[in-house]
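Input: a single structure, listed below in structure tokens.
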Amino acid sequence: MAARRAWRGERELTLRPKELELLALLVREAGRAVSRDRIMREVWDTDWLGSTKTLDTHVLTLRQKLGEPATITTLRGVGYRFEAAGDDAESAAAAPRGEQP
């Protein structure tokens, strides 16, 4: 069975399941705005009516793990966008790579 893993260049990222799902969604939509509602629906599998602070926290942690240059842009009042800069989208992509032991 193929493992879902994420890489930034040659460096493998250690991501928790929700971080990986969040990154996968943003990378799939690279260059386009992804609304907070859509992220909550697709990553947390819920129509979230309350605070989305958990999303903010996960984005912050994901940005720290991705490092510089920043690849996730906050779109105030909208959501987030993954900034695909050349090979950056591919190198940070959350996709099957290798196999689980």
Subject >> Filter result (within 12 Å of the chain's Cα centre (by Cα) and either more than 19 Å from GLU42 (Cα to Cα) or in a loop (DSSP other than H, G, I, E, B) (or both)) within segment 9-22 >> reply: LEU13, LEU15, ARG16
Original post:
In the set ARG81, ARG32, which member is modelled with pLDDT of 95 or more and loosely packed, with under 12 Cβ neighbours inside 10 Å?
Top reply: ARG32
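The values are calculated or read from the model by the stated rules, or taken from the named source; none is laboratory data. If you're wondering where the values come from, they're calculated on a predicted model, not measured in any experiment. Cβ coordinates were reconstructed from backbone atoms using ideal geometry, including for glycine residues, and neighbour counts include every protein chain displayed.
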